[in-house]
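Undergrad: Handing you a structure now.
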């Protein structure tokens, strides 16, 4: 979208229109979640007919899945997180997450995902996949201590709780806490879950 | 509700009807969240006319606030959490939370609150109040280390992330983890946030 000039013609069927609908969908889902956002609302934001949204994406669910595709290549991000002192992986992960949060092409996706995952099964499955198989799991596998899957899901619970408490519900003083202190405090917990001693199973 | 016999007459205006509407509201909000649940849906579950819901509660927002009132007296729960070894407050808190989660009069409230707080400002404010001023804050105050408010909000982020990841999104293997192990693993983090060394602010 950002590269599109203001005076370009809007030809239905063009990649431009499709991208505009996806941008509008991200904004709508971020604001209202999957249940609250309507195809009519998305069409109005994109300045197209609702029929065109259905033409491109068939269902609201398909639209959601495509709109929520993260523009982040974890395959390149993870090695950078693993480089550097091994006892600071947790801090580097939190720093990485906060840098993503500041990106205008990522924040609406995460907001949309978290606002939808609590009520919509498709969004919940996407979040589940992200937490079970995403970067935290890759990190846990690379760190190579027992129980990598459990470690990733514990770290994921702290990560998702941080996003919810700081950015969505805005619990104070966490919501206005200095970033460097936040990185140290939450980073320590992520580090423990990924690489610390979890004790015996029984 | 639970004490009401099955054959009692349903007189509009009775406390029985009001309680039945509140029960129906809790079930509806737990399932669909504030945005998804409708007054019509609540009325149908309670087997009353929608006008009666409006008569008692005026708005869906008022209905939500009353339905979400926790049937738990934290004033009596907190001293029990503080009794016993001081380095196990975190574990006792997690154990307490899981015991609440198992109660059929509490689980729908928490589900309703978390499913609503991501999109509805009133629900978000309720969750914010619970995390800023609720039992975690009372515990942090009683433990009496610096930064009690920050400690409570950090612990709150892990608590709410646990509920979301384990019970709502069902991230594995966290979702099926043995309760005693969960209590130790998450309890350690809560303990650190409430009573550990958080390092210097700058």
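Undergrad: For the range B:75-94, what are the residues that are surrounded by fewer than 18 Cβ atoms within 10 Å (Cβ to Cβ) and in contact (Cβ under 8 Å) with a residue 60 or more places away in the chain?
TA: Selection gives B:82, B:86, B:87, B:88.
Undergrad: Could you check, for the range B:135-149, whether at least one of its residues is modelled with pLDDT of 90 or more, surrounded by 16 or more Cβ atoms within 10 Å (Cβ to Cβ), within 20 Å of residue A:196 (Cα to Cα) and at the interface with chain A (Cβ under 7 Å from one of its Cβ atoms)?
TA: No, the range B:135-149 contains no residue that is modelled with pLDDT of 90 or more, surrounded by 16 or more Cβ atoms within 10 Å (Cβ to Cβ), within 20 Å of residue A:196 (Cα to Cα) and at the interface with chain A (Cβ under 7 Å from one of its Cβ atoms).
Undergrad: Now for a different question. Go through the range B:62-82 and give me each residue that's within 17 Å of the chain's Cα centre (by Cα) and in a helix (DSSP H, G or I).
TA: Across the range B:62-82, the qualifying residues are B:63, B:64, B:65, B:66, B:67, B:74, B:75, B:76, B:77, B:78.
Undergrad: Using the structure shown, decide if residue B:108 is surrounded by fewer than 16 Cβ atoms within 10 Å (Cβ to Cβ) and more than 8 Å from chain A (Cβ to nearest Cβ).
TA: no
Undergrad: Quick test of your reading of the structure: residue A:115 fulfils all but one of (1) under 22 Å from residue A:25 (Cβ atoms); (2) without any contact (Cβ under 8 Å) to a residue 60 or more places away in the chain. Name the failing condition by number.
TA: (2)
Undergrad: Continuing with this model, one more query. State all residues of the range A:19-32 that are more than 14 Å from chain B (Cβ to nearest Cβ) and in contact with a helix residue (DSSP H, G or I) (Cβ under 8 Å, 6 or more places away or on another chain); if no residue qualifies, say none.
TA: A:20, A:21, A:22, A:23, A:24, A:25, A:26, A:27
Undergrad: Check residue B:31 against each of (1) in a helix (DSSP H, G or I); (2) at pLDDT 90 or above; (3) within 26 Å of residue A:119 (Cα to Cα) and name the one condition it does not meet.
TA: The failed condition is (2).
Undergrad: Note down all Cβ pairs under 8 Å where the first residue falls in the range B:33-52 and is more than 13 Å from every other protein chain (Cβ to nearest Cβ), the second is part of a loop (DSSP other than H, G, I, E, B) and surrounded by fewer than 22 Cβ atoms within 10 Å (Cβ to Cβ), and they're at least six residues apart or on different chains.
TA: Going by the 8 Å Cβ cut-off, the qualifying pairs are B:43/B:49; B:47/B:10; B:48/B:10; B:48/B:12; B:52/B:12.
Undergrad: Scan the range B:163-193 residue by residue and report those that are facing chain A (nearest Cβ under 7 Å), touching a residue at least 40 places away in the same chain (Cβ under 8 Å) and buried (at least 19 other Cβ atoms within 10 Å of the Cβ).
TA: B:164, B:168, B:189
The values are calculated or read from the model by the stated rules, or taken from the named source; none is laboratory data. As the structure is a computational prediction, the values presented were derived from the model and not from experiment. All Cβ positions, glycine included, derive from the backbone under ideal geometry; neighbour counts span all protein chains shown.
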